[in-house]
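The structure under discussion appears below in the form of structure tokens.
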Amino acid sequence: MALPLKHAIEYALYRLAEGTLRYLPWDTAAAMGEAAGAVAYWADGRHRGVVLENIQKSDLGFSKRNAVKTAKACFRHFGALSFTLPRLLFMDADELARRVHFNGIEHWDAARRSGKGFIGLTGHYGNWEAMALALSASGRPLAVIGRKLENPLLNERLRTLRTRFGNLCIDKGGALKETLRALREGMGVGFLLDQDARSIGVFTEFLGRQASTYPTAAALALRFDLPIIPIFSYPQSDGTIMVIVEPALEIPQTGDARADILTATQLMNNALERQVRRLPHAWFWMHRRFKTQPQPQSQSPITNAGPRPAIF
């Protein structure tokens, strides 16, 4: 099948940008990205509206002025992330070790020593690409579940770069089978838990609002007695990135599977919420995280508690 012209043009433009940005000093690329993000705040009215709505409807208690300030900082942050990504994806292990530092890595290592696999809980926060790449470069590869990009050329290019130190990319189609295989091999499987799960999610509270959340990670952890390890990254003022690995969450088990899945999912959302409150602009407010809401007639917070793969 012939490749659509659109895909060929997209790929050519990406490779042109990659070939330029990968050789720039990190600080220069980050500064360019922040400037581009500042422009995007004013130029992209649709996403600006989503960000401001999400912030103002959360329970952060921000004034309108603070909401606007956070929204602008959010656009700058993700502009910098986008412009430094090509540089990041080509770093060797030594440079990654200088750029990305770990705090609490002993919690990861303890979970890995159990030999039965574990859930790595994170979100679209900080620099999750740097976090995953640096972990694998330090000898701690993990499996990540993701939706294929529409453009197969871009999808294969990014997949190759993301897996070069041993990470495993699992496509959404057939993700549960591959996830179980990775867990049986003792790997950590990363779940970004902060996307709208539509009608197949469980309703939990997040930033003061009801949010449909994929129950997959909780269901797997409870079924196979797996540790859930929160892992988050923070941009530092000197341009480095701090990855914080927290102790395993304590998940109560009552014997009521549906209730336990809901409780575990809420505890996982709580862990993510603590990070967002710590550094609000570093979260990806551009998501329509709260699009799905409970129906007024609904008597149960669980729409479907069966295992389904979370989407990155």
Quiz item: Are any residues in region 168-194 surrounded by 21 or more Cβ atoms within 10 Å (Cβ to Cβ), more than 19 Å from THR265 (Cα to Cα) and within 15 Å of the chain's Cα centre (by Cα), and if so, which ones?
Solution: ILE170
Quiz prompt | Scan of region 194-209 for residues that are over 16 Å from ARG274 (Cα atoms) and in a strand (DSSP E or B), ordered by number | solution = VAL202, PHE203
Quiz item: Is it true that SER58 is within 17 Å of ALA282 (Cβ to Cβ), surrounded by 15 or more Cβ atoms within 10 Å (Cβ to Cβ) and out of contact with any helix residue (DSSP H, G or I) (no Cβ under 7 Å at 6 or more places or on another chain)?
Solution: yes
Exercise. Name the one entry in ALA40, ALA17, ALA71, ALA29 that is farther than 29 Å from LEU153 by Cα and either assigned to a helix (DSSP H, G or I) or among the aromatic types (Phe, Trp, Tyr) (or both).
Key: ALA71
Exercise. Inspect all residues belonging to region 9-18 and state whether any of them is modelled with pLDDT under 95 and among the hydroxyl-bearing types (Ser, Thr, Tyr).
Key: yes
Quiz item: Which of the residues belonging to region 280-294 are of a type outside the set (A, V, I, L, M, F, W, C), crowded, with 19+ Cβ neighbours inside 10 Å and under 13 Å from LEU192 (Cα atoms)?
Solution: ARG289
Quiz prompt | Among residues of region 160-193, those that are assigned to a helix (DSSP H, G or I), within 20 Å of SER138 (Cα to Cα) and among the β-branched types (Val, Ile, Thr), counted | solution = 1
Practice problem: Restrict the check to region 63-72 and report whether at least one residue is touching a residue at least 40 places away in the same chain (Cβ under 8 Å), in contact with a His (Cβ under 7 Å, 6 or more places away or on another chain) and surrounded by 15 or more Cβ atoms within 10 Å (Cβ to Cβ). | Solution: yes
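The values are calculated or read from the model by the stated rules, or taken from the named source; none is laboratory data. None of these values were measured; they are calculated from a predicted model. Positions of Cβ are backbone-derived with ideal geometry, glycine not excepted, and every protein chain shown enters the neighbour counts.
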